[in-house]
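The values are calculated or read from the model by the stated rules, or taken from the named source; none is laboratory data. All values derive from a computational prediction rather than experimental measurement. Neighbour counts run over all protein chains shown; Cβ positions are idealised from the backbone, glycine included.
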Amino acid sequence: MTRKFIFTSLQRYLEAQVNGFKNVSEQLQISEEALKLIFTQQDCSFKVLEHICQIAGVKLEDFFGNLPKEPKLLEFLTSQQEIELISNKKLFAVAVFATYLMSFKEILDKVKVHKVELKMLLERLESMGMVTVLPNNEFKLTISKRFSWIPDGPIMGMIRREALNYFNYSFEDPAVDLINTFNVLITPAAHEELKAKLVLIAKEYRIQMLREASLPAKDKIQVSFCIAARSWLPVSIQSHLRTSANP
């Protein structure tokens, strides 16, 4: 059993958890930079190592057997679970605000539910695998950093149906809004490279939300981020082309 094996394995646990490094650094009362330095140097006291393991939810003795498995974090709901969220608007609202890393009290202030009802809704989300309910009206997310709605599932279908409402808006607020649509002709290789950059930008939004998790919700703005790319021309133009522009 090597020092490198222990620290590398433990780092996997923390990276797989939403806000893993931040949670550990806060409980150890050290900065995230100091915590990451521990993993870079692979050096700390045995007591600190045990404490990190406890926070990460793994026993140190697990490292002396087979390679410990990473926590099973949710990446997708089932189609039936998404249908349930659509059918239960309060449950859906709580699920969305939970993914925003809002606290029990912040959700209570935002959604029209009372305490007992909110507890029941969180317990239902727990049965779906989205959260773990904790004592004292607390909970933690159990979704992966890669969590998303099913690409062709019920929720994405609902979002597509409401797309007209999304774009039927002036986009005039300089503090929040941005819209820009244009067509280009580029090679498939260039398109793949640029698509990858768009995905990275979307990821940065998610990472920034995690960085600001400890800030109160009242100090933040809610942003709906939309990325789309396809081969398309307006119908008014298509009728004047020799071949169809759209599939």
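Scanning segment 134-148 for residues that are assigned to a loop (DSSP other than H, G, I, E, B), surrounded by 13 or more Cβ atoms within 10 Å (Cβ to Cβ) and charged (D, E, K, R) yields one hit, 145. Within segment 175-190, the set of residues being under 25 Å from residue 102 (Cα atoms) and of a type outside the set (A, V, I, L, M, F, W, C) comprises 177 only.
Across segment 104-132, the number of residues qualifying as loosely packed, with under 15 Cβ neighbours inside 10 Å and assigned to a strand (DSSP E or B) comes to 1. With respect to the conditions (1) surrounded by 10 or more Cβ atoms within 10 Å (Cβ to Cβ); (2) under 29 Å from residue 105 (Cα atoms); (3) at pLDDT 90 or above, residue 193 lacks only one, and its number is (2). Taken over segment 151-176, residues that are in contact with a Ser or Thr (Cβ under 8 Å, 6 or more places away or on another chain) and either assigned by TED's automatic domain parsing to the domain that holds residue 226 or more than 30 Å from residue 78 (Cα to Cα) (or both) amount to 1. The listed residues are 217, 229, 213, and the only one of them that is farther than 30 Å from residue 110 by Cα and out of contact with any strand residue (DSSP E or B) (no Cβ under 6 Å at 6 or more places or on another chain) turns out to be 229. When residue 119 is tested against the conditions (1) within 29 Å of residue 8 (Cα to Cα); (2) basic (Lys, Arg); (3) touching a strand residue (DSSP E or B) at 6+ places or on another chain (Cβ under 9 Å), the lone failure is (1).
The set of residues in segment 5-45 that are touching a residue at least 40 places away in the same chain (Cβ under 8 Å) and among the hydroxyl-bearing types (Ser, Thr, Tyr) comprises 9, 13. For segment 201-247, residues that are more than 30 Å from residue 22 (Cβ to Cβ) and either aromatic (Phe, Trp, Tyr) or free of Cβ contacts under 8 Å to residues at least 24 places away in the same chain (or both) total 18. Would you check if residue 198 is over 28 Å from residue 111 (Cβ atoms) and under 23 Å from the mean Cα position of the chain (by Cα)? Judged against the criteria, residue 198 is a match.
Considering every residue within segment 85-103, establish whether at least one is over 26 Å from residue 156 (Cβ atoms), surrounded by fewer than 19 Cβ atoms within 10 Å (Cβ to Cβ) and within 18 Å of the chain's Cα centre (by Cα). Yes: segment 85-103 contains one or more residues that are over 26 Å from residue 156 (Cβ atoms), surrounded by fewer than 19 Cβ atoms within 10 Å (Cβ to Cβ) and within 18 Å of the chain's Cα centre (by Cα). Taking each residue of segment 108-134 that is in contact (Cβ under 8 Å) with a residue 40 or more places away in the chain and looking for partners that are assigned to a strand (DSSP E or B) with beta-carbon atoms closer than 8 Å, six or more apart or interchain, yields 128/74; 129/74; 129/143; 130/74; 130/141; 130/143. The residue list 115, 105 contains one member that is of a type in the set (Lys, Arg) and farther than 24 Å from residue 211 by Cβ, which is 115. Cβ separations smaller than 9 Å between residues 6+ apart or across chains give the following pairs from segment 167-178 residues that are over 20 Å from residue 228 (Cα atoms) to residues that are assigned to a loop (DSSP other than H, G, I, E, B) and hydrophobic (A, V, I, L, M, F, W, C): 175/221. Looking at 164, 198, just one residue is touching a residue at least 12 places away in the same chain (Cβ under 8 Å) and either surrounded by 11 or more Cβ atoms within 10 Å (Cβ to Cβ) or in a helix (DSSP H, G or I) (or both), and that residue is 198.
Looking at 77, 60, 14, just one residue is out of contact with any His (no Cβ under 6 Å at 6 or more places or on another chain) and at pLDDT 85 or above, and that residue is 77.
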